1. If only one of LYS141, LYS106 is surrounded by fewer than 18 Cβ atoms within 10 Å (Cβ to Cβ), in the same structural domain as LEU75 (by TED's automatic domain parsing) and farther than 22 Å from ALA361 by Cβ, which one is it?
2. Pull out all pairs, ordered by first then second residue, where Cβ-Cβ is under 9 Å, the residues are six or more apart or on different chains, the first lies in the stretch 327-356 and is closer than 23 Å to GLU74 by Cβ, and the second is among the basic types (Lys, Arg) and open to solvent by 80 Å² or more (accessible area, probe 1.4 Å).
3. For GLN383, work out the one condition from (1) part of a loop (DSSP other than H, G, I, E, B); (2) in contact (Cβ under 8 Å) with a residue 24 or more places away in the chain; (3) within 29 Å of LEU75 (Cβ to Cβ) it doesn't fulfil.
4. Would you check if there is a residue in the stretch 335-349 being at negative phi, touching a strand residue (DSSP E or B) at 6+ places or on another chain (Cβ under 8 Å), surrounded by fewer than 19 Cβ atoms within 10 Å (Cβ to Cβ) and not aliphatic (A, V, I, L, M)?
5. Of the numbered conditions (1) within 30 Å of GLU364 (Cα to Cα); (2) more than 16 Å from ligand 1 (Cβ to nearest atom); (3) assigned to a loop (DSSP other than H, G, I, E, B); (4) not polar (S, T, N, Q), PRO270 fails exactly one; give the number of that condition.
6. Mind checking which residues of the stretch 34-72 are more than 22 Å from the chain's Cα centre (by Cα) and in contact (Cβ under 8 Å) with a residue 40 or more places away in the chain?
7. Hand me the list of helices (runs of 4 or more DSSP H) wholly inside the stretch 173-258 holding 1 or more residues that are under 27 Å from ALA403 (Cα atoms), open to solvent by 50 Å² or more (accessible area, probe 1.4 Å) and among the charged types (D, E, K, R).
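The values are calculated or read from the model by the stated rules, or taken from the named source; none is laboratory data. Quantities reported herein were computed from a predicted structural model and do not represent experimental measurements. Cβ atoms come from the backbone with ideal geometry, glycine included; neighbour counts cover every protein chain shown. Heads up: the accessible areas ignore ligands, DNA and RNA and are worked out on the full protein's heavy atoms, side chains in. Shrake-Rupley method; radii C 1.70, N 1.55, O 1.52, S 1.80 Å.
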Amino acid sequence: MNEYIQLVRQRNESLAAVGEKRYACVVTFGCQQNEADSEKLRGMADAMGYTVTEDVRIADLIVVNTCAVREHAELKALSTIGQYKHLKAKNPNMLIGVCGCMVAQKHRVDELKNSYPYVSFSFEPSSLDRFPQILFEALEKHGRQFSIGENARAISEGVPVLRESDFKAWVSIMYGCNNFCSYCIVPYVRDRERSREYAYVVDEVKELVASGVKEITLLGQNVNSYNGGCTFAELLEKLAAIDGDFLIRFMTSHPKDVSDELIEVMAKSPRIAKQFHLPIQSGSDAVLKTMNRRYNTAHYLATVEKLRASMPNITLTTDIIVGFPGETEKDFEATLDLLRKVRYDMIYSFIYSPRSGTPAAKMEDQVPDAEKSERMQRLLALQNQISLEKNMVAVGKTLRVLAEGPSKNDAQTFTGRAESNKLVHFKADDQCIGKFVNIKISRAEPFCLHGELE
Ligand code: 5AD
Ligand code: SF4
């Protein structure tokens, strides 16, 4: 990687010497793992002598980091790439590259090759550190480069990173997934599970904390099966022992792998946020079985009970898929019942989207779209009510909130996250950005809280 970073850098330095500064823009779709990967792409672009910009209109290099988890995400990325055609027409020096989960699928790479002639290169998520090489080859050979099926299994340490925030950071601890849930494309596009050695993770977190970062989110498709020289619980224990005023969060957990040891470490460590994202996907045991989730609702509910027994105020969130093949009205009602039982603080719900190459896409009994939408509406109506009731409990209380910055619509209203990860709005000034502040909660909505600085 470093060799190619230097080669591209030399090119860009020669251009800069004659007044031709080069700009790079990374556009991101999808999950937090993609956000984290994009920070590395920007880091590599910066090391290669590009000025990193958020403005695609001035970019000489655009990298689109795509998602494949649902069809909608792919269509959005393809339509965005399509909009860059006219930018390339204006700036013939421009290179457009595509990376991320969508281009780990051969049919999508073929589509780019055949129907998007202005796309110069693509590479899959497991080859992220090959970005400088692929870019260099596209620049030098003026030929299109498409890397697929080369799965670089080893994890590259020391990839440069340009972080978006100086007080919040993502730290990937593992990549890939071995679970093969029957609806999910991730194991096919992100390859098998690989964990980073814990010493690298501990060093990275130490450095972040020393530089003033206040919130660190550990990322992995299934953090509970982390095995980089210690268990996930042991890793958390090591990180929570680092000196400093910071909070650790993590995602995502698989319900089948939540250990008692993990719950114990969480409960006793003030630096680990009392928040757990535990995707259940469905409240029906029959559906969970065809989803190949490898737990049932009884096992899941027992885990929730253990979490709440050790941490009574823990915030629980989940993912739900509506309209999985074969989901009957009765199965769906079991999901509604489960929401009533668990009373999550918030859910992320998705209409099932068939992904080509996954077993579920070939299952009979696909649920008609109208039925999926109708179920989704009922699910949201129930959960909005529960979320509001759960948020009302915070009214009158004072919460410690990490202040992030002004909200999108109003420069005087700030947003921040409480330890529970709940969104809090309050009046403040720039002084508080990146700091923990105490907010007395005065009002609750289903998706956020409002309050005043204390
Ligand atoms: N259709 C709908 N939702 C999906 N998810 C994963 N694959 C699909 C799919 N094919 C959801 C799951 C997962 C979340 C990240 O995305 O709920 O937990
Ligand atoms: Fe997909 Fe299941 Fe792996 Fe999560 S655990 S990434 S849902 S296969």
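1. LYS141
2. Final answer for the pair search is PRO354/LYS362.
3. (1)
4. Yes, some residue in the stretch 335-349 is at negative phi, touching a strand residue (DSSP E or B) at 6+ places or on another chain (Cβ under 8 Å), surrounded by fewer than 19 Cβ atoms within 10 Å (Cβ to Cβ) and not aliphatic (A, V, I, L, M).
5. Unmet for PRO270, out of (1) within 30 Å of GLU364 (Cα to Cα); (2) more than 16 Å from ligand 1 (Cβ to nearest atom); (3) assigned to a loop (DSSP other than H, G, I, E, B); (4) not polar (S, T, N, Q): (1).
6. Those that are more than 22 Å from the chain's Cα centre (by Cα) and in contact (Cβ under 8 Å) with a residue 40 or more places away in the chain: ASP46, ALA47, MET48, GLY49, LEU61.
7. In the stretch 173-258, the matching helices (runs of 4 or more DSSP H) lie at 198-210, 232-240.
Conditions (1) more than 19 Å from the chain's Cα centre (by Cα); (2) β-branched (Val, Ile, Thr); (3) away from ligand 1 (no atom under 16 Å from the Cβ); (4) over 30 Å from MET102 (Cβ atoms), marked per residue:
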{"residue": "ARG190", "(1), (2), (3), (4)": "no, no, no, no"}
{"residue": "VAL201", "(1), (2), (3), (4)": "no, yes, yes, no"}
{"residue": "ILE216", "(1), (2), (3), (4)": "no, yes, yes, no"}
{"residue": "SER225", "(1), (2), (3), (4)": "no, no, no, no"}
{"residue": "GLY228", "(1), (2), (3), (4)": "yes, no, yes, no"}
{"residue": "GLY244", "(1), (2), (3), (4)": "yes, no, yes, yes"}
